[in-house]
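One structure is given here, and the rest of the page talks about it.
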Amino acid sequence: MSTTTTPEPTTPGLTGPDPTTPGPTATAAERAAPAARLTALGLATLLLGAALPMTDFFIVNVALPSIGRELRAGPAVLEMVAAAYAMAYAVLLVLGGRLGDTYGRRRLFLWGAAAFGLTSLACGLAPDAWTLVAARAAQGAASAVMLPQVLATIHATTSGGRRGRALGLYGATGGVAGVAGQLLGGLLVSADLLGTGWRAIFLVNVPVVAAILLLGRFSVPDSRAARPARGDRAGTLLFALALVALLLPLTEGRAAGGPLWSWLLLAAAPLLAWAFYVVERRAERSGGAPLLPPSLLREPGLRRGLAVAVPLFAGFGGFMFVVAVALQQGLGLSPVVAGAAVVPMSVTYLVTSMWGPRLAPRLGSRVLTAGAVTHAVGLALLAATVLAGWPDLDPVSLAPAMAVIGAGQGFQLPTYFRVMLAAVPPERAGAGSGLSVTAQQTCLALGVATIGSVFLGLVPSAGVRDALLVALAVQFVGLLVMTGLSLRLPRALS
């Protein structure tokens, strides 16, 4: 049964009406209906939807060799299978959040889920590599429509401790989905269900989407911005161009041998980002509806949270990539066994991501600091294990270090999202959640491109073991930087 939600507290200097109030485009029935709280079933449905795009970001990695053999695709095309999804996902996330603010977050969540199911089916049935690349880009676009509605709905329909618990579950979902994606991918490819081989990693999404559509219609409360915003075509185009100019050369430039176009795009990225900022600032000052209002960045918590996102998610993305390659190519482990090596990390992640919100009332954003320190200890333990045991390592010998790393990550991710959303006014929940997740996805791609490139560049001369140790050292330094940045965050969390 629906109950009336207590209005969310507004952020000082950025006040606005309750986002659960229907906008001018709502029907008379919608205007009269009271806002609904987010129930346990509604939250579970949202988190199931969030798990799909998070898992698909990682699950494809272990299937790439099988895809290459069956579709006769070279390394550059296989990189595009992963990169097309990541770029479409990151580029359209903020727009997806804006659409939810305007047309209703439940509606966009369900539309995005339906599109994700259809594009997953297209991926699973792709007859050739370039069709798969196109389907993966469409799948990333569907994810960008669906995922921002999850955080925005949580932000708009919860408060206080309930919000903290919901964000803890969201963070747990993200971490476990990312870590378990590689294990699930290995299991599905090895199982060869009904002769589907690698196609099963996409086809398995279809029944999950059907469950989301069935449950979401009546369990997810609707919310939208009180004043639906107009579109921002110029801002959307510039934002997309800036991200593509950054991510495309980082993901494809190395596979293509660092051609001139990749360097030209990297040089253009900051210029396009500056042009985007100028257009958005002008639109906001003239009373328009910018895609990402620059005033959002005036909040210290949001600005500093974005800085924390760089070492946090770049480190995670790079770590997952490097470890997967090192275990399979360096130690010769199968995809299933290599995936099993990260199970202890997912278990401790789940535990601490649920425990962290209970510490937040007392420690506030310092939970993030504790997570960074714990994570760094785990990396040091992993480096010591690699030094002492290489090449006779297995999931059992790696388990203690992986468990400590997972524990640190579990403290970090939920707290990051809580820091970010605490600085976002309720009427901008969609844009704020889109910005938060865009930062996450962009930094994941950056981590693979930077830490992954360092690792792959060193393997021919130094060997897999020493290249892995250098990559771990780079991430360790990033965690030290993150520790310092986390101490500058506002301590109190709403």
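Assorted remarks:
- Mean shadow area of the range 247-397 over all directions, Cα convex hull, nm²: 13.3
- Chain lengthening between E284 and S461 when straightened (0.36 nm per residue, less Cα-Cα): 58.5 nm
- Burial ranking of peptide ranges 108-114, 292-298 (average Cβ count within 10 Å, highest at the top): 108-114, 292-298
- In the chain, helical runs assigned H by DSSP with n ≥ 4 each contribute -39500 (n - 2.57); averaged across all residues and rounded to the nearest 500, the mean residue ellipticity at 222 nm is -26000 deg cm²/dmol.
- Phi to ³J(HN,Hα) by Karplus 6.51 cos²θ - 1.76 cosθ + 1.60 over the range 182-195, Hz, x for Gly, Pro: 5, 5, 4, x, x, 5, 5, 5, 5, 5, 6, 4, 6, x
- The chain, relative contact order [Cα under 8 Å, separation at least 6], %: 23
- The heavy atoms of F202 present about 0 square angstrom of accessible area, all protein chains included, probe 1.4 Å.
- Taking label positions 7 Å along the Cα-Cβ direction at both T39 and L237, the computed distance is 4.6 nm, reported to one decimal.
- Taking only the Cα atoms of the range 326-391, the radius of gyration and Dmax are 15.4, 46 Å.
- Whole-Hz couplings from phi, Karplus 6.51/-1.76/1.60, listed for the range 110-119; x for Gly and Pro: 5, 4, x, 5, 4, 5, 5, x, 5, 6
- Which labelled figure in [x] 65, 51, 47; [y] 63, 45, 43; [z] 78, 56, 44 is Cα extents along the principal axes in Å, once derived from the coordinates: [x]
- With Cα atoms, 0 to 90° folded angle of helix 75-103 axis to the chain main axis: 10
- Residues with amide H under 5 Å from that of S223, placed H, sequence gap 5 or more: R105, R106
- The packing ranking, built from the mean of other Cβ atoms within 10 Å per residue, places the peptides 130-140, 376-386 in the order 130-140, 376-386, highest first.
- Cut-off under 5 Å, modelled amide H: who pairs with V424 long-range: none
- Contour excess over end-to-end distance, with Cα ends at E70 and R488 and 0.36 nm allotted per residue: 145.4 nm
- Computed from backbone phi, the HN-Hα couplings of the range 324-333 come to 4, 5, 5, 5, 7, 8, x, 9, x, 7 Hz, rounded to whole numbers (Karplus: 6.51 cos²θ - 1.76 cosθ + 1.60, θ = phi - 60°; Gly and Pro given as x).
- All Cα-Cα separations within the range 61-101 were binned at 10 Å from zero, giving a P(r) of 27, 36, 21, 15, 1, each value a whole percent of the pairs.
- Carbon/sulfur fraction of accessible area - the chain, other protein chains in place, 1.4 Å, %: 69
- Annotation: peptides 465-474, 325-334, ranked by per-residue average of other Cβ atoms within 10 Å with the highest first, follow the order 465-474, 325-334.
- Cβ-Cβ FRET estimate between R358 and L480, R0 fixed at 25 Å, reported to 0.05: 0.40
- Charged side chains reduced to their Cβ positions (Lys and Arg at +1, Asp and Glu at -1) give the range 271-355 a dipole of some 320 debye around its Cα centre.
- Full extension of the chain between D192 and R217 gives 5.7 nm of extra length, using 0.36 nm per residue less the Cα-Cα distance.
The values are calculated or read from the model by the stated rules, or taken from the named source; none is laboratory data. What you see is a predicted model; the values in this text were computed from it and never measured. Neighbour counts run over all protein chains shown; Cβ positions are idealised from the backbone, glycine included. Keep in mind that these areas ignore ligands, DNA and RNA; they rest on the heavy atoms of the full protein, side chains included. Shrake-Rupley method; radii C 1.70, N 1.55, O 1.52, S 1.80 Å.
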